[in-house]
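Input: a single structure, listed below in structure tokens.
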Amino acid sequence: MTPFVGIPILLGLALIGFILWSSFSIAWDAAHPPRKGFAWALATGRPRSPESLEMIASEQTLPGLDGVNCPAWHIEGTGPLHAPTLLMLHGWGRSRWDSLSRLEPLLPCVREAWLPDLPAHGEHAAGNCWVGVREPIAVADMLAQIAAQRPGAPIVIMGHSLGAGVAIRGAIVALERNIPVVGVIALSPYRDLRSPIPGRLALRDLPSWPFTPLALRMLAWVGRMDEPLEHDAARLHCPALLVACEDDSISPADDATLIAQAMPHATLMVLPGDRHDEPGATDRTRFEASLQAFVRGVTPTRQVSETGLA
């Protein structure tokens, strides 16, 4: 083999190796999210704990996956006895500290709130996440435990980004188990990983092709790639509120539109702005009022006592 032939072959092999390694890195990162807990909240000016917001709270655990429980905060709401229980789910790479920053406007509408760290996030002990594939089963198990502690009380689930899809799918499983989920709030939902992965690469001025298709194939090989969310969303038979930002590059508003159209009882609200991590930031009054109206609208009027429905 002459040098003039060997050099192009070596360069070609190097390019293939670079593409494969970069694609593997993207897939690896998806299954191993960054840890954003107390130190992250402190560094970014977010609430450090429920107590820092003068909330009454306790440290608890909720069911997770493979026998590893999820650390969680149990926070008292200020709503009436018949007000629902709220389960809040954070997005990829976030934690219950991120959920805490969204909770305050909803406390007057709920009797209690649960804020867990999903597997491999925050202070959860697991080393890798399932990117929304298995987490809905954990959420249904969480809801079963929550429902047993307050029998007959209605439950609302609210999730952001990855947590939005997990909330929708978890609610479907929970309703199939006759757990009283009365509503789902999905903030910045996306159809599948074909939206957030290239969106996050674009925010870092990195190219998506050919890396994203290979990374998605790798995630599918290890069971971490779901069907588009609207396929499952069609089976959600309780009311749902979907909130999207019109210029969100990670969870496009078109994704939320397709998901909402598939649902039997969905309301879609598209807000101005591009703040994926802060939906409603450009119109906070309307955003918070819409969340409160939804929760109050799905709340049954029957009274709930400390031991169940009166």
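As for segment 195-206, it holds no residue that is modelled with pLDDT of 95 or more, out of contact with any Lys or Arg (no Cβ under 8 Å at 6 or more places or on another chain), polar (S, T, N, Q) and part of a helix (DSSP H, G or I). Checked against (1) exposed (fewer than 14 other Cβ atoms within 10 Å of the Cβ); (2) more than 20 Å from the chain's Cα centre (by Cα), E227 meets all criteria but (2). Please find, within segment 111-129, the residue that is farthest from L216 (Cα to Cα) out of those that are among the hydrophobic types (A, V, I, L, M, F, W, C) and buried (at least 24 other Cβ atoms within 10 Å of the Cβ). Only one residue tops the list, namely A113. Of all the criteria given as (1) under 21 Å from G165 (Cα atoms); (2) free of Cβ contacts under 8 Å to residues at least 60 places away in the same chain, the one not satisfied by S58 is (1). Residue-level check: of (1) in contact (Cβ under 8 Å) with a residue 60 or more places away in the chain; (2) of a type outside the set (G, A, S); (3) over 18 Å from H32 (Cα atoms), V222 misses just (3). Among the residues of segment 131-152, some residue qualifies, meaning at least one is closer than 20 Å to P279 by Cβ, within 18 Å of the chain's Cα centre (by Cα) and part of a loop (DSSP other than H, G, I, E, B). Restricting attention to segment 24-39, the residues that are farther than 18 Å from L103 by Cα and part of a helix (DSSP H, G or I) add up to 9. For segment 93-125, the candidate set comprises residues that are part of a loop (DSSP other than H, G, I, E, B) and hydrophobic (A, V, I, L, M, F, W, C); within that set, the residue that is nearest to G152 (Cα to Cα) is V110.
Determine if segment 140-158 includes at least one residue that is polar (S, T, N, Q) and out of contact with any His (no Cβ under 6 Å at 6 or more places or on another chain). Within segment 140-158 (the criterion being polar (S, T, N, Q) and out of contact with any His (no Cβ under 6 Å at 6 or more places or on another chain)), the answer is yes, since at least one residue qualifies. Residues in segment 41-92 that are crowded, with 20+ Cβ neighbours inside 10 Å, assigned to a helix (DSSP H, G or I) and in contact with a strand residue (DSSP E or B) (Cβ under 7 Å, 6 or more places away or on another chain): P50 alone.
Selection of segment 248-307 for residues being of a type in the set (S, T, Y), exposed (fewer than 15 other Cβ atoms within 10 Å of the Cβ) and at pLDDT below 90 yields T301, S305, T307. Whenever a residue of segment 248-263 is free of Cβ contacts under 8 Å to residues at least 40 places away in the same chain, its partners that are in a helix (DSSP H, G or I), lying with C-beta atoms within less than 6 angstrom and at least six residues away or across chains, give the pairs A262/E230; A262/A233; M263/A233.
The values are calculated or read from the model by the stated rules, or taken from the named source; none is laboratory data. Since the structure is predicted, the reported quantities are computational estimates derived from the model, not experimental observations. Backbone-built Cβ (ideal geometry, glycine too); neighbour counts: all protein chains shown.
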